[in-house]
Every structure is written in C-alpha cells, then in structure tokens.
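Every read-out reported here was derived from the displayed coordinates using simple, explicitly stated rules and does not represent laboratory data. As the structure is a prediction and not an experimental result, all values here were calculated from the model. Counting neighbours? That spans all protein chains shown, and the Cβs are built from the backbone with ideal geometry, glycine included.
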Amino acid sequence: MTDLVLRDIDPNMAARIRKVAEMNGWTMHETILHLIERGLYASEGGALRFDSKESDVMQSVIASLETLPNDPGFSLIGRLGSAAPAEPEPAAEFDPDELERALRDVPIGSKLGGV
C-alpha cells in the first residue's frame with residue numbers, strides 16, 4: 001500500500017475530519033480513507049453530474065415549475081416580485097371553560113383502562 005503525507009492541513013478541516021471520525025467511531029486513518037473514497041466518487045461523476053436521462057427529467061420538471069401561476073402559496077418560492085405577504089390569521093383565544101369541560105370527561109381512578 002502507498003503511504004500519503006498531507007501537509008499544511010487547515011485547522012478547521014482537521015477539526016471537521018476529527019468530528020466525522022468521532023461521529024462514526026472510526027480511527028483518523030479510516031475516516032480519511034472514507035472521505036477520500038467518497039470525494040473521488042463525487043469528482044468522477046458519481047454524485048456531481050446527471051446522466052442525459054436525469055438531465056432531461058430535471059429540465060422538464062424545471063419547465064413545469066416555471067409555468068405555475070403566481071399565487072400566495074409555494075409557487076412563489078424563489079420568485080422575485082412585490083407580492084404583499086398574507087396577513088396572519090389571529091390566534092384562537094384560550095377558553096378556560098372549554099378546558100374544564102374536557103377535564104370533566106376524563107375518566108379517573110378504577111375507570112381508567114379497566115383497572
């Protein structure tokens with residue numbers, strides 16, 4: 001096996017590597033091997049790129065989302081405009097009498113759970 005030496009590692013990166021090791025219960029050696037393997041996979045196209053079929057689907061989805069009408073709901077996410085925010089509904093007032101009525105209906109003692 002080939003040994004690699006890493007020099008001048010940023011302290012923040014070293015702390016992040018230590019955190020990954022602790023979270024997974026790995027040694028630093030195991031952690032670095034896992035991270036290099038995952039990084040290589042992502043860099044070789046396994047996670048950073050769509051194949052042509054996936055790309056076509058994504059383009060279709062984006063085109064469909066762009067046709068959604070402007071409304072006060074989720075279709076405004078990510079859109080620019082001066083739509084006024086909807087007024088929040090007033091909070092329901094607390095009714096202590098309703099709480100008392102609900103508590104009177106709760107079984108107590110031996111009636112609870114057939115005990």
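The fraction of Cα-Cα pairs per 5 angstrom bin, counted from 0 for the range 11-69, comes to 4, 16, 15, 13, 11, 9, 8, 12, 8, 3, 1 percent, rounded to whole percents. Here the dipole of the range 11-69 is about 300 debye; that uses its Cα centre as origin and unit charges on the Cβ of Lys and Arg (positive) and Asp and Glu (negative).
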